[in-house]
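Structure first, then comments.
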Amino acid sequence: MNAQDEHTEKGFSVTGTAPGPSGGAVSDGDPGRGRDPECGHHHGYLADKDGYLKRLRRIEGQVRGLQRMVDDEQYCIDILTQVSATTRALQSVALTLLDEHLSTCVVRAARAGGDEAEIRLAEASDAIARLVRS
């Protein structure tokens, strides 16, 4: 199974093209909210904002569970196993966000060309480097 299949299997859209409930870009009514301040486009992840929030809340619960495990003085290896599972869950969210960013913001900038394309590619490269180091 490749990373894209894994993200889709976990309930995330990896294309960034799914419309919001109104059929258009997802927004909470604030016309500036969710827009990139530099290019004015909506962030790609907004198409599945609810999915991201659901997953992050689940991860938050995992972290609270880790706190309880330490408080209950559970076995080190059991705690480390749960830390690993939480780390993998965060990495999955990060990879899915990166997929969304590449398929929306970076592609849009590359089509436009010029300085914006170079900036978006550099940002994506830096983000990938941070993910690889973590």
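Readers should treat all values here as calculations from the given coordinates under stated rules, not as data from a laboratory. Source: prediction; values computed, not measured. Don't worry about glycine lacking a Cβ; one is built from the backbone with ideal geometry, like all the others, and counts go over all protein chains shown.
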**Study point:** Pairwise FRET efficiency - residue 131 versus residue 67, Cβ, R0 = 41 Å, nearest 0.05
**Key:** 0.95
Check your understanding: Quick one: Karplus J couplings for region 54-65, per residue in order, coefficients 6.51, -1.76, 1.60, θ = phi - 60°, nearest Hz, x for Gly and Pro?
Key -> 4, 5, 5, 5, 5, 5, 4, x, 4, 5, 4, x
**Study point:** Charge tally in the Cβ shell below 15 Å around residue 68, where Lys, Arg are +1 and Asp, Glu are -1, residue 68 excluded
**Key:** -4
Revision key, fill the gap. With x for Gly and Pro, the residue-by-residue ³J(HN,Hα) of region 88-104, computed from phi through the Karplus equation 6.51 cos²θ - 1.76 cosθ + 1.60 at θ = phi - 60° and given in whole Hz, is 4, 5, 5, 5, 4, 4, 4, 5, 5, 4, 5, 4, 4, 4, 5, 7, 10
Check your understanding: By what distance, in whole Å, do the Cα atoms of region 70-134 stretch along each of the three principal axes, largest value first?
Key -> 56, 17, 15
Review point. With θ set to phi - 60° and the Karplus curve 6.51 cos²θ - 1.76 cosθ + 1.60, what are the ³J(HN,Hα) couplings of region 127-134 in order, to the nearest whole Hz, using x for Gly and Pro?
Key: 5, 4, 4, 5, 5, 5, 6, 7
